[in-house]
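First up is the structure itself, then whatever we jot down about it.
The values are calculated or read from the model by the stated rules, or taken from the named source; none is laboratory data. Quick caveat, the model's predicted, so the values are computed rather than measured. Quick reminder, even Gly has a Cβ in these numbers, built from the backbone with ideal geometry, and neighbours come from all protein chains shown. Remember, those area values only see protein heavy atoms, side chains included, never the ligands or the DNA or RNA. Shrake-Rupley method; radii C 1.70, N 1.55, O 1.52, S 1.80 Å.
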Protein chains: 2
Amino acid sequence: MSELANTPEPPYYAVIFSSHRTDGDNGYAAMADRMVELAAQQPGFLGMESAREDLGITVSYWESPDAIRNWKQNAEHREAQRRGHEQWYSGFKVRVAKVERDYGI
Amino acid sequence: MSELANTPEPPYYAVIFSSHRTDGDNGYAAMADRMVELAAQQPGFLGMESAREDLGITVSYWESPDAIRNWKQNAEHREAQRRGHEQWYSGFKVRVAKVERDYGI
């Protein structure tokens, strides 16, 4: 996704997912597209921003910790997490954060 | 920066800076390198992660809200913010967030 997420007034929540990929696609691109589509259908989803160079960073925004927990437990997402852990990522970090303020142009 | 930030146990703070660039360099690359160097020297700095495709995302990590405020007020950083606003970014959003938990491999 290439646009700034149009999030509401804080507070809301951010999941910062930072990762290094393994070599080769191995089904990654199709899964990534599907997870973007699926995340956007979840209750409490507010938006997503993503960029990758050596490091990939995807930030998804959510209304509440419950919305994040529900998304993490989504069956199709769980399968993607499993394959990510085993196959697609050589390293990753997930950080769950409460957005307290924001500003911009 | 291309490595996952080696942050301590939560809680700590994240500044998520998402941006679209204007065309041309106009001194941007040199400033960006200098800001990475300067941020790393600030009290309470914990790490930084960055990637850019269409959208750029830079996440910096900090010990406390005070550390973030001090960095925002740094004179050289203020000048970079001013030029960013006027010249380098067609749009940006800054989100200040408290990291409540993290995990990874």
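A:Gly56 satisfies every condition listed in (1) closer than 14 Å to B:Val99 by Cβ; (2) in contact with a Lys or Arg (Cβ under 8 Å, 6 or more places away or on another chain); (3) open to solvent by less than 80 Å² (accessible area, probe 1.4 Å) except (1).
Every residue, every condition in (1) away from chain B (no Cβ under 14 Å); (2) at pLDDT 95 or above; (3) within 13 Å of the chain's Cα centre (by Cα); (4) open to solvent by less than 40 Å² (accessible area, probe 1.4 Å), yes or no:
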position	(1), (2), (3), (4)
A:Pro8	no, yes, no, no
A:Arg34	yes, yes, yes, no
A:Ala39	yes, yes, yes, yes
A:Pro43	yes, yes, no, no
A:Gly47	no, yes, yes, yes
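Restricting region A:72-83 to residues that are without any contact (Cβ under 8 Å) to a residue 40 or more places away in the chain and not aliphatic (A, V, I, L, M) leaves a set whose member that is nearest to B:Leu4 (Cα to Cα) is A:Gln81. In region A:71-105, the residue that is modelled with the lowest pLDDT out of those that are among the hydrophobic types (A, V, I, L, M, F, W, C) and over 14 Å from the mean Cα position of the chain (by Cα) is A:Ile105.
Annotation for region B:12-24: at least one member residue is modelled with pLDDT of 95 or more, within 13 Å of another protein chain (Cβ to nearest Cβ) and more than 26 Å from A:Ser19 (Cβ to Cβ). Listed by first and then second residue, the pairs with beta-carbon distance under 9 Å, at least 6 apart or on different chains, first residue in region A:50-64 and among the charged types (D, E, K, R), second at pLDDT below 95 and surrounded by 22 or more Cβ atoms within 10 Å (Cβ to Cβ), form an empty list.
Please find, among B:Tyr28, B:Tyr61, the residue that is within 12 Å of chain A (Cβ to nearest Cβ) and surrounded by 14 or more Cβ atoms within 10 Å (Cβ to Cβ).
Within the list B:Tyr28, B:Tyr61, the selection yields B:Tyr61.
Only one of the numbered conditions (1) β-branched (Val, Ile, Thr); (2) closer than 18 Å to B:Ala39 by Cβ; (3) open to solvent by 60 Å² or more (accessible area, probe 1.4 Å) is not met by B:Val94, and that is (3).
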